[in-house]
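The values are calculated or read from the model by the stated rules, or taken from the named source; none is laboratory data. What you see is a predicted model; the values in this text were computed from it and never measured. In this analysis, Cβ positions are derived from the backbone assuming ideal geometry, glycine residues included, and neighbour counts consider all displayed protein chains. What goes into the accessible areas is simple: the full protein's heavy atoms, side chains included, and nothing from ligands, DNA or RNA. Shrake-Rupley method; radii C 1.70, N 1.55, O 1.52, S 1.80 Å.
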Amino acid sequence: MNPLIEMKNISLRFGGNQALSDVSINLYPGEVVGLLGHNGAGKSTLIKVLSGAYKSDSGQIFVEGSEVKINNPQDSQRHGIETIYQSLALADNLDAVANVFLGREKINGVVLDEDTMEIEARKVLDRLRVKIPSLRVPVSNMSGGQRQTVAIARAVYFKAKVLIMDEPTAALGPEETQKVGELIKALKAEGVGIFLISHDLHDVADLSDRLTVMKNGRVVGTVNTKDVSEDEVLGMIIAGTTPKHLANK
Amino acid sequence: MQNVQTNQAPAVRRSLLQNLGIDAQLLTMLAAIVMVWIGFQIWSEGLFLSPRNLWFLAVQSAVVGIMVGGMVLIIVARQIDLAAGSILGFTAMVMAVFQAPPPNGLGLHWIIALIAGILVAILIGSINGSVSAYVGVPAFVVTLAGMMIFRNLTFSLSNVTITPLNETFQILGGGNNGSIGPLWTWVFGLAIAVLILWQTLAGRLRRQKNGFAVRPMWAEALVTGLTLLIVLGFVLVMNAYPVPGTDPPVGSGIPIPVLIALAVLGFLNWMTRNTRFGRYIFAIGGNPEAALLAGINVKRTMLFIFMLMGFLTAIAAAVQAARLNGATPTVGRDLELTVIAGAVIGGTVLSGGAGTILGAGLGALLMSSLENGLGLVGVATEQQKIVIGIVLLLAVIWNTVSARWRKG
Ligand SMILES: Nc1ncnc2c1ncn2[C@@H]1O[C@H](COP(=O)(O)OP(=O)(O)OP(=O)(O)O)[C@@H](O)[C@H]1O
Ligand SMILES: [Mg+2]
């Protein structure tokens, strides 16, 4: 079976800073791959190459076996890749409905179909079970968790093949975090492939099938979650070396 | 259907006005205008609120009214246009030179002159837009350069007044035959009233059908009733000013430039609320990075905004030239500042992301009212500017402070 996503030998330099060097990673349908690493390791940069926010200096991206060029966010969306950014990427002055559909509004002729968008947004937000009193106030008036839910709803609504979640639960309480966990499991069962970035080792260990650890812009190693202990993963993150017997291609 | 809306969490506090779906900003603007008008009415001993003066006030507001909506879009998208007045001057000069009879002008058909002016202004807008958006030079600098370049290109084109203009073209300025007459004014007023009623009713029914919150009936009736009263008052006043020299007096009706300004503002208001283009302008102003990541073509949107501003500037230039029956090389000097002031008084936030077309329209009306009223009571031009500057400052202080209150 072809992987859903295969990124090969991706390198990217910001001025004098080699943010990614020769990074390769892949993702299969119905799989959750956890991306781990210290702050500044290059996790967000890597997934931003996949979501079209950055262009890599070199390397290849394959979607379901065929090579694709991802030059901008539209390209990425077209290949069925949805992203929840660490920075949330919401337009604060717009309401929840506008943010869920931003860039992909439903229209009647040339006119925005606000009613349909509000109904659909409410459905997908209900699924996430976070209380949002009004969908029609600017999201700047919302709590961090509510805003995060809007960002998640935005990615979930468009029925992605591949979902990238960069710290999706950073602002969520324990109950909402659990809901997001359930959501990840449900999407996984539907065959969606998920890249999950989080600093919460427990969360990632619970949800991921494989773990890829990065350090200083390089991949330290990729391991099957069930083969490693938490201490071994910590060792990979901090020391940057993979125990030989665990390495997995 | 599950209705999360009923679950009123305290996270979002809403004022009474918000709950009624009434825009506090617009209400404040209306109140300010009413106060200014009453003040001038007293000061001018009954001259200000005469049909004649209000009719002229409407004509005077038209040029700024046509441009102010475009400026709102530019400011909302975190840009600025300092060249608008110079571009207006240049475009007016182009239109005058094209149509004025030789030896001053080329003596071409007025439609050719109009189209030439519009094309020139759109081209200039697209240059401003592409240098800002694609090259990445801040619009402040690009249009500051444009302000100098086009003012002096206007002088290069002609350093004397170019006149006369075609008589049909002059209709755009609202002079002789430049109003639509009492009958069409009533037709216009009725059409607007029907449109407002239909929109309100259809929107309300649709929202109810979908189970969305609607305004309380009395609030809906109050807002709609007030709007209809304003429309009625406008029609009556425009018809109460007689065409000069008619006996028995025949009402003038709505002047053509005012009709143009209303059409422009109405269209832009609709566009910002109901189209993707409008939505994207606000998204870019709110968070340019988010807009980019959402797949919005930020640069192209910015280019279009400046082209639209160019088009509106050309229309305003046509109205201004038609009114003056010619173009002087100084026409439109400092006009960009009046337009920006109108937008800002009307609630447009200079840091971007917030502003309304209706508010800016009222802001333009307030600016014109001050100029007109101060002139009427005999305040010298220089002192007028002082008063207007103070009002602008007060308005911005008010907007800033009230925004802080609303945030809590
Ligand atoms: N737009 C940018 N311009 C310049 N340097 C950047 C940019 N984005 C990231 N970097 C640099 O690239 C490196 C990797 O950053 P990245 O955001 O990918 O880290 P991360 O692994 O996501 O960290 P965190 O866990 O803190 O989110 C860092 O050194 C960072 O300073
Ligand atoms: Mg990151």
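Calculated on the alpha-carbon coordinates, the convex hull of segment A:34-162 measures out at 142 cubic angstrom per residue. Within the shell of other residues whose beta carbon sits under 13 angstrom from the beta carbon of A:GLY181, the net charge comes to -2, with Lys and Arg scored +1 and Asp and Glu -1. With a Förster radius of 22 Å applied to the C-beta separation of B:PHE277 and A:ASP126, the computed FRET efficiency comes to 0.10. In order along segment A:125-133, the phi-based Karplus estimate (6.51 cos²θ - 1.76 cosθ + 1.60, θ = phi - 60°) of 3J(HN,Hα) comes to 6, 4, 4, 8, 6, 9, 6, 10, x Hz; Gly and Pro are listed as x.
Its relative contact order, with pairs defined as Cα atoms under 8 Å and 6+ residues apart, puts chain B at 32 percent. For segment B:217-303, the ratio of Cα radius of gyration to the globular rule of thumb 2.2 N^0.38 Å stands at 1.72. Straightening the chain between A:ASN9 and A:GLU175 buys 55.9 nm, computed as 0.36 nm per residue apart minus the Cα-Cα spacing. Note that the protein assembly as shown shows a convex hull volume over its alpha carbon atoms of 182 Å³ per residue.
Of interest is the spacing of the C-alpha centroids, which for segment B:347-384 and segment B:42-120 amounts to 16 Å.
Exceedance of the 28 Å cut-off in Cα-Cα distance is limited, within the set A:LYS69/A:LYS226; A:LYS161/A:LYS226; A:LYS48/A:LYS185; A:LYS48/A:LYS159, to A:LYS69/A:LYS226. Here the contact order of segment B:294-408, divided by its residue count and restricted to Cα pairs under 8 Å and six or more residues apart, works out to 17 percent. In the distance distribution for segment B:238-363, Cα-Cα pairs more than 26 Å apart total 37 percent. Taking B:VAL231, B:VAL72, B:VAL349 in turn, the Gaussian network model of chain B (Cα-Cα springs below 10 Å) assigns the largest fluctuation to B:VAL231.
The 3J(HN,Hα) values that the Karplus relation (6.51, -1.76, 1.60; θ = phi - 60°) gives for segment B:358-369 are, in residue order, 4, x, 5, x, 5, x, 4, 5, 5, 4, 5, 4 Hz. Gly and Pro appear as x. Only helices enter this figure: runs of n ≥ 4 DSSP H residues, each worth -39500 (n - 2.57), summed and divided by the residues of chain A, yield -9500 deg cm²/dmol at 222 nm to the nearest 500.
Using the Cα coordinates of segment B:179-254, the gyration tensor eigenvalues translate into equivalent-ellipsoid semi-axes of 36, 11, 5 Å, sorted from longest to shortest. In terms of overall dimensions, segment B:179-223 has a Cα radius of gyration and Dmax of 14.5, 45 angstrom. If you bin all the Cα-Cα distances of segment A:91-170 at 10 Å, starting from zero, the percentages per bin are 18, 54, 25, 3. Within the set of other residues whose C-beta is less than 12 Å from the C-beta of A:LEU207, count the net charge using Lys and Arg as +1 and Asp and Glu as -1. My count for the surroundings of A:LEU207 gives -3.
The C-alpha radius of gyration of chain B, expressed as a fraction of 2.2 N^0.38 Å, stands at 1.02.
Note on A:MET1/A:LYS159: beta-carbon distance plugged into 1/(1 + (r/R0)^6) with R0 of 25 Å gives a FRET efficiency of 0.75.
Annotation: the antiparallel percentage among DSSP beta bridges lying fully within the protein assembly as shown is about 60. Of B:ARG323, B:ARG333, B:ARG273, which has the largest mean-square fluctuation in a 10 Å C-alpha GNM of chain B? Per the Cα network of chain B with a 10 Å cutoff, B:ARG273 tops the list.
Mean projected area of the Cα convex hull of segment B:77-225, taken over all directions, amounts to 14.3 nm². Taking a point 7 Å out from the Cα of B:PHE267 in the direction of its Cβ, the residues of segment B:37-71 whose backbone N falls within less than 17 Å of it are B:62-71. With respect to chain A, whose longest principal axis is taken over its alpha-carbon atoms, helix A:230-239 is tilted by about 80°. Three semi-axes describe the equivalent ellipsoid of segment A:146-241; taken as square roots of 5 times the Cα gyration tensor eigenvalues and ordered largest first, they are 25, 14, 13 Å. Taking every protein chain into account, the 1.4 Å probe leaves B:GLU371 with about 80 Å² of accessible area, to the nearest ten. Once Rg and the Kirkwood radius are both taken over the C-alpha atoms of chain A, their ratio Rg/Rh works out to 0.97.
Taking every DSSP helix (H) stretch of at least 4 residues in chain B, weighting each as -39,500 (n - 2.57) and dividing the sum by the residue count yields a mean residue ellipticity at 222 nm of -23500 deg cm²/dmol. Looking at the calculated P(r) for segment A:21-103, what percent of the C-alpha pair distances fall above 17 Å? In whole percent, the long-distance tail amounts to 55.
When the Gaussian network model of chain B links Cα atoms closer than 10 Å, the mean-square fluctuations of B:ALA121, B:ALA395, B:ALA219 top out at B:ALA219. Near B:ALA92, once Lys and Arg are set to +1 and Asp and Glu to -1 for all other residues with Cβ below 13 Å from its Cβ, the sum equals +3.
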